[in-house]
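Colleague: Got a structure for you, questions after.
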Ligand code: 5AD
Ligand code: SF4
């Protein structure tokens, strides 16, 4: 049986996709890149913005046509959109299986049952805000441990989930309704998993959670976890995403200073610079409180790289509110920012209570403007790297071109990242992928540093 796969969405989804794929491979399925050859199509879906759902629906439209000539094809839709739409998605002509993010360990069995039967089935959480049973958490943990792999990502890099779900209920966000309540994984399981990955050649782990700084297992905190992960021999870099700008435990910053393995990089979304909008977003902090956290971060870790997220065009966002986001970006001096146009999500408080009253043209304009403001800051910060030598974990061949092409005939261009998440392009042999290399920076753009290996 051949499986064709499409995955939409964030890092959390990519991790789920990898686990699912490995569970299918172990069960004897083979992967195919050719849709026409597939017996099974797996689609991991994202609901965070409407656009992501539209892309899934357009793929399902295509699959509906394919099924006319191949009625035996089994289509399984899983992830956030599956949990959000439940049976409604099952009524789509193309779909056989709808499986929520907390039910992915069941997916192989569901598909096996559907093969040759043309049946439809659903496995989703009926009450997603209900805390998972001990048995379900255990099943998810075992699934995670059994099916993660050192081969799934960039060479020598792995993602490890430290917590599931979210309890913050930002008024615009669908995550708490599709990934359920916040639940931290037991530290011993996380450590065992990272040890296993380290034995298989992993050098960098990225700890994943919607709000990693809220991680706590009994009285074991996220800072404690950083100290423990740091003890694992062969792991050289530890990164983590994403942080929530409230109740920030300063011991996390202290860990960055104490522990050379913990990368000095913080992704800490502000979402807006206007207190009025932050309140309407239910973020639970003011712009000043946010700035105080990043000031504290820089006081303890002077060379920390900070990245942010912003939403433009949230209901009620006036030009004045927007200007406050511009000012916050200028004050925060982010390394980079991810900027999103507000997208109303059914079932969220913002969608229930607030009209989506900022016209799309204004959202687009504000998006472009924030990107331009950030672009200038990124370009300036990147310029300060010129002449410095940075350590880079090499990802592989790059599409981008280098400072000059003297070596180009001999070597492909390589791309890698620094511990502070800067992208670096330089000449070198392909077998450096997965290795650490010192690169002297010669040139910089807003997005990329270009340099020459000093080895
Ligand atoms: N509309 C636009 N952006 C959103 N995000 C989350 N929900 C929405 C939404 N409804 C953004 C936030 C978050 C990032 C992952 O996606 O900025 O930090
Ligand atoms: Fe969504 Fe807010 Fe939770 Fe992030 S913290 S996942 S934006 S509800």
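Colleague: With contacts defined as alpha carbon pairs under 8 Å and 6 or more residues apart, what's the relative contact order of the range 134-383 in percent?
Modeller: About 16 percent, as a whole number.
Colleague: Checking the a/c ratio against 1.5 first, then a/b against b/c, what shape does the Cα gyration tensor give for the range 134-383?
Modeller: prolate
Colleague: List the equivalent ellipsoid semi-axes of the range 292-361 in whole Å, largest first, each obtained as the square root of 5λ for an eigenvalue λ of the Cα gyration tensor.
Modeller: Those come to 29, 13, 10 Å.
Colleague: Sorted by average packing, counted as other Cβ atoms within 10 angstrom per residue and highest first, what order do 328-339, 141-152 take?
Modeller: 328-339, 141-152
Colleague: Need one word for the range 1-60: rounded, prolate or oblate. Basis is the Cα gyration tensor (sqrt eigenvalues a ≥ b ≥ c); a/c below 1.5 gives rounded, then a/b vs b/c decides. Mind dumping the intermediate values first?
Modeller: On the way: a/c = 3.45, a/b = 1.47, b/c = 2.34.
Because a/c hits 1.5 or more and a/b fails to exceed b/c, the range 1-60 counts as oblate.
Colleague: Can you give the % of DSSP beta bridges in the range 336-455 that are antiparallel, to the nearest 5? Don't skip to the answer; put the middle values down first.
Modeller: Working: 19 of 23 bridges.
Expressed as a percentage, antiparallel bridges in the range 336-455 total about 85.
Colleague: Hey, another quick one. Which of the peptides 170-179, 229-238, 127-136 is most tightly packed, and how do the rest follow, judged by the mean count of other Cβ atoms within 10 Å per residue?
Modeller: 170-179, 229-238, 127-136
Colleague: Share of antiparallel DSSP beta bridges in the range 134-383, in percent to the nearest 5?
Modeller: Details: 4 of 25 bridges.
In the range 134-383, approximately 15 percent of DSSP beta bridges are antiparallel ones.
Colleague: Quick one: Cα centre-to-centre distance for the range 85-142 and the range 39-80, in angstrom?
Modeller: 15 Å
Colleague: Against the globular-protein guess of 2.2 N^0.38 Å, express the Cα radius of gyration of the chain as a ratio, rounded to two decimals.
Modeller: Taking the Cα Rg and dividing by 2.2 N^0.38 Å, one obtains 1.00.
Colleague: Right, something else. What order do you get for 38-44, 103-109, 345-351 when each peptide is scored by the mean count of other beta carbon atoms within 10 Å, highest first?
Modeller: Going by the mean number of other Cβ atoms within 10 Å, highest first, we get 38-44, 103-109, 345-351.
Colleague: Apply the a/c threshold of 1.5 to the C-alpha gyration tensor of the range 2-123 and tell me whether it is rounded, prolate or oblate.
Modeller: Here the range 2-123 falls in the rounded category.
Colleague: Let me ask something else. Quick one: check the C-alpha center-to-center distance for the range 250-267 versus the range 408-455, whole angstrom.
Modeller: 24 Å
Colleague: At 222 nm, what helix-only mean residue ellipticity would the chain give, in deg cm²/dmol to the nearest 500, using -39500 (n - 2.57) for each DSSP H run of four or more?
Modeller: That comes out to -11000 deg cm²/dmol.
Colleague: Among DSSP beta bridges whose residues both lie in the range 39-110, state the antiparallel percentage, nearest 5.
Modeller: Of all bridge pairs located within the range 39-110, approximately 0 percent are antiparallel.
Here, each number is a calculation from the coordinates, and none is a lab measurement. For clarity, every value in this text was computed on a predicted model and none was experimentally measured. Because the Cβ atoms are built from the backbone with ideal geometry, glycine has one as well, and the counts that use them run over all protein chains shown.
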